Each structure stands twice: as C-alpha cells, then as structure tokens.
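See structure below.
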Amino acid sequence: MSDVITFFDTTLRDGEQSPGCSMDTAEKLEVAKALVDLGVDVIEAGFPIASPGDFEAVQKIAQKFGDQSTICGLARCRKEDIDSAWGALQDAQNVRIHVFLATSAIHRDFKLKMAKEEIVRRAVDMVKYTCDQMASRSDIVTPNVEFSPEDAARTELDFLCEVVEKTIAAGATTVNIPDTVGYATPNHFFKVISYLKENVSNIDQAVISTHCHNDLGLAVANSLAGIEAGARQVECTINGLGERAGNAALEELAMAIRTRGDYYGVTTNINTQKLCSTSRLVSKITGMAVQRNKAIVGQNAFAHEAGIHQHGMLQERTTYEIMRPQDVGYVGTNLVLGKHSGRHAFRDRVESLGYDLSEESFQKAFEAFIALADKKKEIFDVDIVALVDNQTSSEIEEHWKIKNFHTLSGTETIPTATLELEHKEGNIVQDAATGDGPVDAAFKCMERVAGISAKLTDYNVRSVSSGKDALGEVSLSIDIDGVIFHGKGVSTDVIEASVQAYLQALNKALSQDRGRRRNEKKGV
Ligand SMILES: CC(=O)SCCNC(=O)CCNC(=O)[C@H](O)C(C)(C)COP(=O)(O)OP(=O)(O)OC[C@H]1O[C@@H](n2cnc3c(N)ncnc32)[C@H](O)[C@@H]1OP(=O)(O)O
Ligand SMILES: CC(C)C(=O)C(=O)O
C-alpha cells in the first residue's frame, strides 16, 4: 500500500496574507466548503488572535466542517494566541492547533532577539501548553498539535534537529519544516528533510510536513523533494496564493503526485476533478486572476494551437498531453484555432460543428479561416460557423468577384469607393463612386460595374464574437424590380463585409437574370 500524503491547505491563512486577498467570514466559509469537497485533509482556517473576524471564521468553519476535515488555527508561541486558537476550536471535532516560532539565526537575532536556549524553551513550553489545553477535553486522547520552526530552511541543521526532537517529545504530532522565504532549492530541501530523518531520534513519532514559499518559483519542486525525502504532509494553497510570491500551489502538487505516481509511489485524497472549479472560486473571491498559462488550472493549460501539435493530438492525445483535462475539471477548448493551426484541426472542428463540406468548399473555408486568423487573435466556434455559412452561401454563381476595393471617408472628405471586380469570364472592371458614406459609395460603385440598379431595403451589422478584433457579420436585402435578394458577408472589417454582402445579393439577382440594364456598357 502506498502512503497517502496529507494535504494541508492554508489558502484561508497564508493565502489570505497575499496583499489584497482578505476574505470575510461568509467568503471563507464558501472557500472552506470547496476545500472539503476537494478532499483537503487539513484546512488552516485562520489565525484566531489576529482579529475578531479571523476568530469567528475559524470557529464557524470548525463547527461546520470539523466532521469532514481537520480544521486548524495558527498561534504564535504565546499563551494568549494558543488560548484564542483553542477558544475558536474547542467545541468542534477534528481540530488542530499550529504553533510556530522562528529558529534561524537571522530571525533569532534581529526579530525575536532570543538566544537558542530561549527558543527551545519557549517552543517546548508552548507545545506542552497547547497539548494540555486540548487534552482538557475528555475525548481528545492525543492532541493534534503541529509545530513549525519558522525559517527552518535557513536554520543551522543541528539546531533544527534539537528543536524538532524536543517539540516532538513535548507532544507535537506534526513537525512542519517551512522554507519561509523561498530560499531553498530542491536538492537543498531534500537534504534538510533527509538530515532530520537521520538525526532526530524520535522523528517517527511525528509526521514531517513541508511549507514552501515560491520566491524563486521553486515551491512545488521543493515540496516534491520533501516528499521524496520522507515528508508525508504538504502545506499548500489554491492557485499558489500566499505571502509575497505565494506558497506551493495545491493543484500542481496534487497533479504532480497523481501524474508521477510511478515515481513518487504515494497518493492523495484530493478529488482532482474539482481543481479547476475550486481555483475559479478562489480567484473570484480574492479577485486574484489566474494567469492564462498557469499549470493545471490556467485557461491555456490544455489548449493546443500549433498545427503539428493539433495533428498529433487528433491521432493520439498522449502525444502532447500528460494529463487528461477532465481529470482536473478543465472546461475549455483543447484545440484552439489560430494562425498556427493546420487543416486536420480545422476539419475536425468544422465536422464537430455539424458540417459536411465538399473538398472544394472545405478548401475555400480553410483559406478564409487562415486569412481571418492573420487578423484575429482567437477564433471562436461562432466565427467558424459564420465563415462556413458565408462560404456555403457564396456557392451561388459568382458573376462578379471582388478583386480589391478602397474606400475613403472623413469629416472633410466626400465618401468615395474605388472597386476592382472580376467577371466570371475573366475580364476585370474598375470603377469609382461617391455616396453618403463609404458603404453607400461602395454599393453604388458595385451597381455601376455590374450594370444593375438596386434599392437597399434592409441592412444589419452584428458582432459575431467578442473583442475589438471580433468578426462583423453584415446581412442585407436589396430590391430589384420588386424582387428581394438577400446577401451576407463576414469580415473583421465591416466595410468589407458590407461589400461581400451586397455583391452576393447582386450575384443572386444576376443568376435570375434580373436588372441587367447596362451590362453592354461594360462589354459583358
Ligand atoms: C511566516 C508567517 O507567515 S507567520 C504568520 C504571519 N501572519 C501574520 O502576521 C498575520 C496576522 N498578524 C497579526 O494580526 C498581528 O501581527 C498579530 C495580532 C499576530 C500581532 O500583532 P502585534 O501585537 O501588534 O505585533 P506585531 O505584529 O507588530 O509584532 C509581532 C510580535 O510578535 C512577536 N512574534 C513573532 N513571531 C512570534 C512567535 N512565533 N512567537 C511569539 N512571538 C512572536 C514579535 O517578536 C513581536 O513581538 P513584540 O510585539 O513583543 O515586539
Ligand atoms: C507559520 C509558518 C508555517 C509560515 O507561514 C512560514 O514559515 O512561512
């Protein structure tokens, strides 16, 4: 049987220490519920002495969720802190008190101004005091007490061993080894945990835990190195929130352990399918956006845009994916269509949207897609539907085709359009016209070239997708000799879409032999 790693989530305590991420009690209860559903083993709900609000949140979370997860409160090595933590937790089931005291020379000398002996004495006394408080409840046989030598990663190893050994002897059931300032590297952290395992005589009486900060971007790597060395609890936060650059990200640790179970030989109780929804909830509540390329829960975490990758994915997903998106509850598009995409991915999407195109139509749609992708950052399904629909409806006989057009408009300018149209028999005609605006000028110009006089009866522009590079779809109707013809055009440029739509309607009219009045003039 492989060991199960205890997941200790501190989103509500260390995570809340991220500037701007404070949560009120109602928000903390919502996050706590999500953490319970996620399968987190221990929830550090707050630092009760810090404020009445924190006290209340820890108390309410413990009362509400203490039967489903272990709820923990933080305390300095001070009686008033421990009393406060116990005050918040004492009426709930499955509770833990987490006491901490810094041990590194920098913290001893400059912050606490305490000698090594005082540190040991205070840590031992306060662990014992905590155990005594908790044991006052008749059903608590072994008080659940965690001790953290703050800044352990920068503490002299022999002194760290002494503190850890004595606090375990005083009753700590978990010893947490914080890399408080994110100074460690994986090999270094592996050595610290290994050293404790080899040199602390009673180490087997407590669970070794990691608490890694991300100042060098190594929090997850260091936590994994800790697991390799024998740690069996990891402290982490959703989305890697936390003081400064944050803590080890829970979602990354959970998926690293799951994906590389072959290597670590351990498991977790995390219901990984809830990772993305929990991440979204925490992001919404704290207002801290998740970067798009964030591992596991970022919008791009399972998105493939490059044609070669998409082709590989369509043959066999594992060519470019080490995890299944559904295993983390990812909702999004895997194959993102953009300028780097190829025919395979485009065909796959077009087919999944329900189209069965002839080879010729597919080719034309693909060319239109590539042209659009050059102008637009992201192509959505609605864009493809508009493109293909436009393509299919333009399978009407093209008497005239746009070669190029140019419009001019402005406050001091007479709106003018210059067009070059190609007739189906090959001759090219150029003309120009003025109008009320560039669209009207272009319509008049097309009528002159095609030799048709039409009346615009309806004209609509709508945005197909969102963003400033969204596709505009123009649909219009023209009346020629009492018969109505419809046209549709799609482009990121609404004037171009208008020209396409108008010409489509004119072509339909010409197919019915309507309105040919002046074709002779153009030699057609
Ligand atoms: C590494 C970590 O993340 S530890 C957790 C950090 N989180 C927080 O600090 C958030 C909540 N903190 C708070 O609300 C406040 O800092 C409080 C309520 C805890 C204390 O507030 P204050 O009494 O005003 O003290 P202040 O924060 O200015 O200074 C910290 C005091 O705690 C002492 N202290 C720091 N760590 C410890 C410790 N582990 N055990 C005992 N005393 C400690 C400091 O020496 C200093 O003592 P002093 O007031 O006698 O000089
Ligand atoms: C309280 C301790 C565990 C802490 O947050 C740290 O050292 O970073």
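Every number in this text was worked out from the coordinates using simple rules, so none of it is lab data. Remember, it's a predicted structure, so these values are computed and weren't measured experimentally. All Cβ positions, even for glycine, are placed from backbone atoms using ideal geometry, and neighbour counts span all protein chains on display.
Quick notes on this structure:
- For the stretch 186-257, the Rg and Dmax computed from alpha carbons only, in angstrom: 12.1, 36
- The stretch 196-314: mean projected area of Cα convex hull, nm²: 9.6
- Averaging 1/r across all pairs of distinct Cα atoms in the stretch 236-392 and inverting the result yields a Kirkwood radius of 17.5 Å.
- Nearby aspartates and glutamates by direct alpha-carbon distance to K191 (threshold 17 angstrom, same-chain neighbours under 8 apart not counted): D151, E156, D158, E162, D179, E228
- FRET E, pair E118, S194, Förster distance 30 Å, beta-carbon r, rounded to 0.05: 0.60
- Hydrodynamic analysis of the stretch 405-449 uses the Kirkwood radius over alpha carbon pairs. Inserted into Stokes-Einstein at 10 °C and 1.306 mPa s, it gives a translational diffusion coefficient of 151 µm²/s.
- Here is how the number arises for the chain: DSSP H runs of 4 or more residues each give -39500 (n - 2.57), the sum is divided by the residue count, and the result at 222 nm is -12500 deg cm²/dmol.
- Taking other Cβ atoms within 10 Å as a rough exposure proxy, D67, D83 sort from fewest to most as D67, D83.
- Legend: distances between Cα atoms for K28/K79; K377/K468; K401/K468; K488/K508; pairs beyond 18 Å are K28/K79; K401/K468.
- Computed E for Q291/D67 - FRET, C-beta separation, R0 35 angstrom, nearest 0.05: 0.45
- Dipole-positive endmost among Y320, N176, H188 within the chain (Cβ charges, Cα centre): Y320
- Dipole orientation for the chain: of the candidates T286, A115, S69, T286 has the Cα lying most toward the positive pole (charges on Cβ; Lys, Arg +1; Asp, Glu -1).
- Packing-based exposure ordering (other Cβ within 10 Å, fewest first) of V449, V192: V192, V449
- Inter-label distance, nm, simple model (7 Å from Cα along the C-beta direction), E378/N187: 4.1
- Isotropically averaged projected area of the stretch 3-267, using the convex hull of Cα atoms (one quarter of hull area), nm²: 12.5
- For the stretch 343-426, taking Cα atoms only, Rg and Dmax work out to 16.3, 49 Å respectively.
- Computed FRET value (nearest 0.05) for E156 with K111, which takes r as the C-beta separation and R₀ as 25 Å: 0.95
- Extension gain, E367 to K79, is 96.4 nm, computed as 0.36 nm per intervening residue step minus the present C-alpha separation.
- In nm, spacing of pseudo-spin labels at A169 and S2 (7 Å Cα→C-beta vector): 3.7
- Debye intensity ratio in log₁₀ form over the Cα atoms of the chain, taken at each q of 0.05, 0.13 Å⁻¹: -0.36, -1.13
- Magnitude of the charge dipole, the chain, Cβ model with Lys/Arg +1 and Asp/Glu -1, debye to 20: 580
- Restricting the calculation to Cα atoms, the stretch 307-393 shows an Rg/Rh of 0.99 when the hydrodynamic-style radius is the Kirkwood one.
- In this label model, R343 and Q205 are separated by 7.3 nm, measuring between points 7 Å along each Cα→Cβ vector.
- All-pairs alpha carbon distance profile, the stretch 400-522, 5 Å steps from 0, percent: 2, 12, 21, 23, 21, 12, 5, 2, 0, 0
- As a proxy for reagent exposure, L476, L74 were ordered by neighbouring Cβ count within 10 angstrom, fewest first; the result is L476, L74.
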